[in-house]
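Trainee: Please find one structure pasted underneath; my questions will follow.
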Amino acid sequence: MCSVSHEAIRLQNVHLSLGTGAARVHVLRGVDLNIGAGEAVGIVGPSGSGKSTLLMVMAGLEPPGSGEVTVAGEDLATMDEDALARFRGANVGIVFQSFHLIQNMTALENVAVPLELAGHADALGRAREELDRVGLAPRLTHYPAELSGGEQQRVALARALVVEPSILFADEPTGNLDAATGEQIVELMFALHQERGTTLVLVTHDTALAERCDRVIAMRDGVIDGARRHDRPRERAVAAQ
């Protein structure tokens, strides 16, 4: 993994409220957060604490009500929706709990989508390489409905990483998987993070998983309730199980 040499993400006094009227909820309450390039950060907290919303704000998928969000050196507030989409396509990979694969596309086609949108000359060839990297070379032509949950998440991970983003966001990536399959995905995700030096921001309810990161940030009621950095070396798998 590359050393932390500069900031990948900076949030300053970020507030966000969702809903209207009596149903309006102040989800983020003045969040300040810096994440270094190449760092792995786990974000934990009870349901409703704001951790997934915080990830959405950092990924440029949810604009804050106020405050500053700088990602990969860019102020997200200066971008319209088209510019944000281009920025994410070039700099950000996102893995969700529910996979979000396109059902009428094969695994290969799903992974090729972001490359095609970016005008990559050999989108299918590059997608094939990435699927091979996550152990799915034999499943290229299978549709999501023909894949297991773990295989679908591997496709989603390949799709997130195929553009070689500087930042990978993962929102409960093992939430829909059994324990054994989830562990395989975790090993693969950390191996790729270490191999490529990608900044990793991981939202999880699993404190043991979060502890594998360089730093653990606890959220509660829309604020950062504590942070803990690991200064000791930690063993990480260098290949998927």
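Trainee: What value, in deg cm²/dmol to 500, does the helix sum -39500 (n - 2.57) over DSSP H runs of n ≥ 4 give at 222 nm once divided by the residues of the chain?
Mentor: Working: 7 runs with 76 residues, N = 241.
Rounded to the nearest 500, it is -9500 deg cm²/dmol.
Trainee: Heavy atoms of the protein only, probe of 1.4 Å, neighbouring chains included. What is the accessible area of Asp82 in Å², nearest 10?
Mentor: 100 Å²
Trainee: Still on this model: Write down the radius of gyration of the stretch 87-172 and its Dmax, each obtained from C-alpha positions, in Å.
Mentor: For the stretch 87-172, the Cα-based Rg and Dmax read 11.6, 33 Å.
Trainee: Given +1 on the Cβ of Lys and Arg, -1 on the Cβ of Asp and Glu, and no further charges, what dipole in debye does the chain carry about its Cα centre, rounded to the nearest 20?
Mentor: Values: 21 positive and 32 negative charges, 81 e Å.
For this selection, approximately 380 debye.
Trainee: Further, regarding this structure: For Gln184, what is the net charge nearby, where nearby means another residue's Cβ is under 13 Å from its Cβ and Lys, Arg count +1, Asp, Glu -1?
Mentor: Computed value for this residue: -3.
Trainee: I'd like the distance between the alpha-carbon centres of the stretch 8-70 and the stretch 121-197, rounded to an integer number of Å.
Mentor: Comparing the Cα centres of the stretch 8-70 and the stretch 121-197, I get a distance of 25 Å.
Trainee: Next question. With every atom except the alpha carbons ignored, what do you get for Rg and Dmax of the stretch 1-137, in angstroms?
Mentor: That works out to 17.3, 52 Å for Rg and Dmax.
Trainee: Here's another thing I want to ask about it. Give me the percent of DSSP beta bridges within the chain that run antiparallel, rounded to the nearest 5.
Mentor: Details: 22 of 39 bridges.
Around 55 percent of the beta bridges assigned by DSSP in the chain are antiparallel ones.
Trainee: Before anything else, pin down the relative contact order of the stretch 1-109: Cα pairs under 8 Å, at least 6 apart, normalised by residue count, whole percent.
Mentor: Details: 140 pairs, mean separation 29.6, N = 109.
Contact order relative to length: 27 percent.
Trainee: For the pair Ala137/Ser66, report the inter-label distance in nm, with labels modelled 7 Å from Cα in the Cβ direction.
Mentor: Between Ala137 and Ser66, the label points sit 5.6 nm apart.
Trainee: What is the mean projected area of the alpha carbon convex hull for the stretch 1-81, to one decimal in square nanometres?
Mentor: Taking the Cα atoms of the stretch 1-81, their convex hull projects to 6.1 nm² on average.
Trainee: Next question. For the Cα atoms of the chain, what angle does the longest principal axis make with the long axis of helix 179-196, in degrees from 0 to 90, nearest 10?
Mentor: The two axes meet at around 80 degrees.
Trainee: For Met79, Met105, Met58, give me the order by solvent-accessible area with a 1.4 Å probe, most accessible first, ignoring ligands, DNA and RNA. Kindly include the intermediate steps, with their values, before the conclusion.
Mentor: Details: Met79 35, Met105 55, Met58 0 Å².
From most exposed to least exposed: Met105, Met79, Met58.
Trainee: Contour minus end-to-end for Gln103 and Arg220, with contour as 0.36 nm per residue of separation and end-to-end as the Cα-Cα distance?
Mentor: 38.5 nm
Trainee: For the pair Asp32 and Ala85, how long in nm is the line joining their label points, each one 7 Å along Cα→Cβ?
Mentor: If labels sit at Asp32 and Ala85, their model points lie 3.6 nm apart.
Trainee: Still on this structure, I have one more. May I have the pair-distance distribution P(r) for the chain, computed from all Cα-Cα distances with 5 Å bins from 0 and rounded to whole percent?
Mentor: All Cα pairs, binned at 5 Å, distribute as 1, 6, 14, 18, 20, 17, 13, 8, 3, 1, 0 percent.
Trainee: Filter the trypsin sites (Lys or Arg not before Pro) in the stretch 10-113 down to the DSSP loop ones having no more than 10 other Cβ atoms within 10 Å, then list what survives.
Mentor: Hits after loop and neighbour filter: Arg24.
Trainee: Then there's this: On C-alpha positions alone, give me the angle between the axis of helix 107-117 and the longest principal axis of the chain, in degrees, nearest 10.
Mentor: Approximately 60 degrees, to the nearest 10.
Trainee: In whole percent, what relative contact order does the chain give with Cα contacts below 8 Å and a gap of six or more residues? Don't skip to the answer; put the middle values down first.
Mentor: Values: 489 pairs, mean separation 65.7, N = 241.
Worked out over the chain, it gives 27 percent.
Trainee: Quick check: with the 1.4 Å probe, what order do Ile35, Ile224 take by accessible area, largest first?
Mentor: Listed by decreasing accessible area, they come as Ile224, Ile35.
The values are calculated or read from the model by the stated rules, or taken from the named source; none is laboratory data. If you're wondering where the values come from, they're calculated on a predicted model, not measured in any experiment. Quick reminder, even Gly has a Cβ in these numbers, built from the backbone with ideal geometry, and neighbours come from all protein chains shown. Protein only, heavy atoms only, side chains kept; ligands, DNA and RNA dropped before computing areas. Shrake-Rupley method; radii C 1.70, N 1.55, O 1.52, S 1.80 Å.
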